[in-house]
1. Extending each Cα 7 Å along its Cβ direction at residue 190 and residue 31, get the distance between those two points in nm, one decimal.
2. Give the whole-number value, in cubic angstrom per residue, of the convex hull volume spanned by the C-alpha atoms of segment 18-90.
3. For the chain, what is the convex hull volume of the alpha-carbon atoms per residue, in Å³?
4. How much FRET efficiency would the formula 1/(1 + (r/R0)^6) give for residue 23 and residue 177, where r is the Cβ-Cβ distance and R0 is 25 Å, rounded to 0.05?
5. Would you mind calculating the gained length between residue 156 and residue 16 on full extension (0.36 nm times residue separation, minus the Cα-Cα distance), in nm to one decimal?
6. Whole-Hz ³J(HN,Hα) for each residue in segment 136-146, computed from phi via Karplus 6.51 cos²θ - 1.76 cosθ + 1.60 with θ = phi - 60°, x for glycine and proline: what do you get?
7. Out of the trypsin sites (Lys or Arg not before Pro) in segment 112-191, which ones are loop residues according to DSSP with at most 16 other C-beta atoms within 10 Å?
8. So for the pair residue 54, residue 124, with labels modelled 7 Å out along Cα→Cβ, what separation do we get in nm?
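Bear in mind these aren't lab numbers, they're just calculated from the coordinates by the rules spelled out. Note that the structure is a prediction, hence the values are computed from the model and not measured. Neighbour counts are summed over all protein chains in view; Cβ atoms, including those assigned to glycine, are modelled from backbone coordinates with ideal geometry.
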Amino acid sequence: MDVARSDTPFPRVGRRVTGYHVRQVDRFITRARRCYNLDDPGGEQLTGAEIRAVAFSRSRGGYDPRSVDAALDRLEDVFARRERERFIEEKGEEAWLRSVGRTAAILRRRLGRPAGERFRRPARVRSRSYDVEDVDRLCDAVLGYLESDAPLSVTMVRHAVFREVRGSEGYGENQVDAFLDRVVDLMAGID
């Protein structure tokens, strides 16, 4: 995505279909553009994690969510690269590699747990949870990426979808989501 462009390049959904709220998206993109173009270490900053966490209300005739989400993925990658470059400028490449190594070690510890035991199970019987096999399959792919350079894209991790189950049949959603956020942070900073 060309962050310096002044127009918003998102197509809209039909008038009777809900999409992302136009003004909210425009405000966020304007903020991202400002942060990108200023590139002022002392000024307003925007991180890859903030971009990943942004959420928009739905409104009829809004922006096409797939187009906005794809642009946000590209934007997150740009800001993650910038974060890495700043870190290296301030602390050196050696410090960056140590930081990446520490994060990878933390992730590996959880990934090294036996399948079916990698995350907590929800305590409440009716709470939503993620299918264990689906999550473990992605965890195995991430482990392969970290240990054997197996092919895995950050996009696949960002957009992973797991079947929904109830209660202790699955892994707790919050813990899995937080873990995958760390994986995305690592991968976006490396790739």
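1. Distance between the two pseudo-spin positions: 3.0 nm.
2. Values: hull volume 5.4 nm³, N = 73.
With only Cα atoms used, segment 18-90 gives 74 Å³ per residue.
3. 140
4. Working: r = 27 Å, r/R0 = 1.09.
Efficiency, from the Cβ-Cβ distance: 0.35.
5. On the way: separation 140, 0.36 × 140 = 50.40 nm, distance 3.06 nm.
Extending this stretch completely gives an extra 47.3 nm.
6. My calculation for segment 136-146 gives 4, 4, 5, 4, 4, 5, 5, 4, x, 4, 6 Hz in order.
7. Working: sites: 118, 120, 124, 126, 128, 137, 158, 163, 166, 182; in loops: 118, 120, 124, 126, 163.
Of the trypsin sites (Lys or Arg not before Pro), the ones in loops of segment 112-191 whose Cβ has at most 16 other Cβ atoms within 10 Å are 120, 124, 126, 163.
8. 3.1
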